[in-house]
Amino acid sequence: MDDTKTVLKIVGLSKAFPGVQALDRVDMQVRAGEVHCLVGENGSGKSTLISSVSGAQPFDSGEIVLNETSYPSLTPKQSMREGVQVIFQDMSLFPHLSVAENIAFNWMLYNNRKLVHPRIINERAKAGLEKLGEDLDLRVPVQSLTMAQKQIVAIARAIVLDAKIIFMDEPTTALAKHEIEALFKIIEGLRENDISTVFVSHKLDEVFRVSDNITVLRDGKKVGDFVASDLDEESLAYHMTGKEVMYREYNYTPRADDEPVIRLQNLTREPHFRNINLEVRPGEIVGITGPLGAGRTELALAVFGLNRPQSGQIYMGGQEVHITSPKDAIENGIALVPEDRHVQGLFETKSIADNLVASILERITRRTLIDREKSDETAQQWFRNLRIKATSPDIEVRTLSGGNQQRVVIGKWLASQPKLLILDGPTVGIDIASKSSIHEMVHTLAEQGMAIIIISDEIAEVYKNSTRLIVMREGEFIHESRREDIDQDVIRNLIETGQLGATA
């Protein structure tokens, strides 16, 4: 790798939107073959920087130098010609087109190919995959692929356009552990071919695993450039937030006379899960982790009435209940914060206030009309209690940061006054400070007597926020223990192999 060659140099980059200085004289450089992590909280300017370098967003002042050519302004075509490619979190693929068509599409567009020639498309696609050392069926539609395979398609699409620097925005969000490892091997292969990667992630363990150097942004300004080996998670979190980020472990002592809030007995829904037995008491936080496809989310949906179990019983407060719909779940005091807040958790074009009362419309309706005074009073209460950062509860929820959107989803369900709160992936795509504050909120709810289940593939999240941990694989609970009786390495081994291995 030629360490002296700089493929990207940003000098004094600034960009303002109405009322917001998104970028303020930011400098940054990336060398050939380097893996450079760009980190910061939501709203720090990462997306604006990427949009500026890719030519999608004009910048106000500054300079972008690509392969020693200076650009005081930049178009998407100029950026692509210089080898800049961006792989967004949703990967922007065409689900109904084939693997080959997706890989070759941008190349055809860039080269003004007006006629579709299957042979040329297949040749380009095959060449892109071969450079990655990957082999996919070129004929199958992309919608039939796994998330990891879709990512390979997106990277191959960049490769066929002679990418010199690839921006990857939260690339591991929907990947299983082994798929993340495969992605890291691909990134290493890009490095060996002098292709630079700018890796954007909120997962600090991954940042340290993959990066050579790190640039930290905060409130549109560059905090600094760091060699990855000179930092640890605590110091990086401090640079990102400007304050010490505390991760308090939740402690809970069960009382023998406490009746379980919920008890699952031999709950089964093939092929997703089988013979699930679980009790959660007031004030207890139970963490469930495991690989993707273990059946965790399907179990949560079943308890909430969205995936009716084939057999088994659910007891609330010692009484058997029959939950066949979310309405039944809500009436029995069960709330579910879903894994995908954008698709399942929010009405994004509606206001914060409308979202906060969405689960209790029956309670604030009088003679088929919503009692607007009661609705506004309830929304204002939760808006204040949850400390949602917005000028008013009347603004659209889609304008909020990820952390504040998640507060709205949680608030919507807290308004229903649940006895059991199920949190599925509660901090996915949320910056480090918002993650810490949401964990503190969950601790407070448990301390007030709420029973809580946290489902997450982040081992540290379930470990620090639960007093009892369950590992789930292939639809079954394979291990259960209190936090003090196990450590994170043992949990990781259970997830990856299904074997207990060395004891804590």
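Which of the residue pairs LYS9/LYS221; LYS9/LYS389; LYS9/LYS185; LYS46/LYS203 have a Cα-Cα distance greater than 23 Å in the structure shown? Violating the 23 Å limit, Cα to Cα: LYS9/LYS389; LYS9/LYS185.
Annotation: for a label point projected 7 angstrom from Cα along Cα→Cβ of SER61, residues of the stretch 8-31 with backbone N closer than 13 Å are 12-16, 23-26.
Computed from phi, the 3J(HN,Hα) profile of the stretch 434-448 under the Karplus parametrisation 6.51, -1.76, 1.60 (θ = phi - 60°) reads 5, 4, 4, 5, 5, 4, 4, 4, 5, 4, 4, 4, 5, 5, 7 Hz, with x in place of Gly and Pro. In whole angstrom, note down how far apart the Cα centers of the stretch 124-149 and the stretch 74-117 are. Computed from Cα coordinates, the inter-centre distance equals 15 Å. Fully extending the segment from LYS131 to GLU396 would add 91.0 nm, taking 0.36 nm per residue of separation and subtracting the current Cα-Cα distance.
Here the spin labels are modelled as points 7 Å beyond Cα on the Cα-Cβ line, and at ALA460 and HIS117 they lie 5.2 nm apart.
When each of the peptides 70-79, 98-107, 198-207 is scored by how many other beta carbons lie within 10 Å of its residues on average, the order from highest to lowest is 98-107, 198-207, 70-79. Looking at the square roots a ≥ b ≥ c of the eigenvalues of the Cα gyration tensor of the stretch 232-305, which shape do they give, rounded for a/c under 1.5, prolate if a/b is larger than b/c, or oblate? Oblate. Taking Cα atoms of the chain, Rg/Rh with Kirkwood Rh, to two decimals? Radius of gyration relative to Kirkwood radius: 0.99. Split the accessible area of the stretch 185-234 by element, probe 1.4 Å, and carbon with sulfur accounts for 41%. Solvent-accessible area assigned to carbon and sulfur over the stretch 269-370 amounts to 48 percent, based on a 1.4 Å probe. Taking the accessible area of the stretch 1-146, probe 1.4 Å, and keeping the other protein chains in place, the carbon and sulfur fraction comes to 52%. Packing order of peptides 258-268, 428-438, 134-144, highest average first: 428-438, 258-268, 134-144 (average count of other Cβ atoms within 10 Å over each peptide's residues). When the Cα gyration tensor is reduced to axis lengths a ≥ b ≥ c, the ratio a/c is 1.5 or higher for the stretch 329-397, and with a/b not above b/c it is classed as oblate. Cα to Cα, under 16 Å, and not fewer than 8 places away if on the same chain: which aspartates and glutamates meet these conditions relative to LYS77? Straight-line reach from LYS77, under 16 Å: ASP162. Hey, what angle do you get for helix 118-132 against the long axis of the chain, alpha-carbon based, 0 to 90 degrees rounded to 10? Its long axis makes an angle of about 80 degrees. Sort out for me the Cα centre separation of the stretch 269-321 from the stretch 221-268, rounded to whole Å. For the stretch 269-321 versus the stretch 221-268, the Cα centre distance is 24 Å. Between the Cα long axis of helix 402-414 and the first principal axis of the chain there is an angle of about 20°, rounded to the nearest 10. Entry comment: accessible area of the stretch 1-146 is 52 Å² per residue, from protein heavy atoms only and a probe of 1.4 Å. Probing with 1.4 Å while keeping every protein chain in the model, the per residue accessible area of the stretch 353-504 equals 45 Å². Relative to the longest principal axis of the Cα atoms of the chain, the long axis of helix 99-110 makes an angle of roughly 50 degrees.
Entry note, the chain: the mean residue ellipticity at 222 nm calculated from DSSP H runs of n ≥ 4, each adding -39500 (n - 2.57), is -9500 deg cm²/dmol after division by the residues and rounding to the nearest 500. Take every pair of alpha-carbon atoms less than 8 Å apart whose residues are at least six positions apart; their mean separation over the length of the chain yields a relative contact order of 15 percent. Peptides 391-397, 346-352 ranked from most to least packed, by the mean per-residue count of other Cβ atoms within 10 Å: 346-352, 391-397. In terms of its C-alpha gyration tensor, the stretch 371-481 comes out prolate, because a/c is 1.5 or above and the ratio a/b outweighs b/c. Output the Kirkwood hydrodynamic radius of the stretch 164-285, Cα pairs only, in Å rounded to one decimal. Averaging 1/r across every pair of different Cα atoms and inverting gives 18.6 Å.
The values are calculated or read from the model by the stated rules, or taken from the named source; none is laboratory data. On a predicted model such as this, the values are computed, not experimentally measured, just so you know. Counting neighbours? That spans all protein chains shown, and the Cβs are built from the backbone with ideal geometry, glycine included. The protein model used for the area step is the full one, side chains on, heavy atoms only, and it has no ligands, DNA or RNA in it. Shrake-Rupley method; radii C 1.70, N 1.55, O 1.52, S 1.80 Å.
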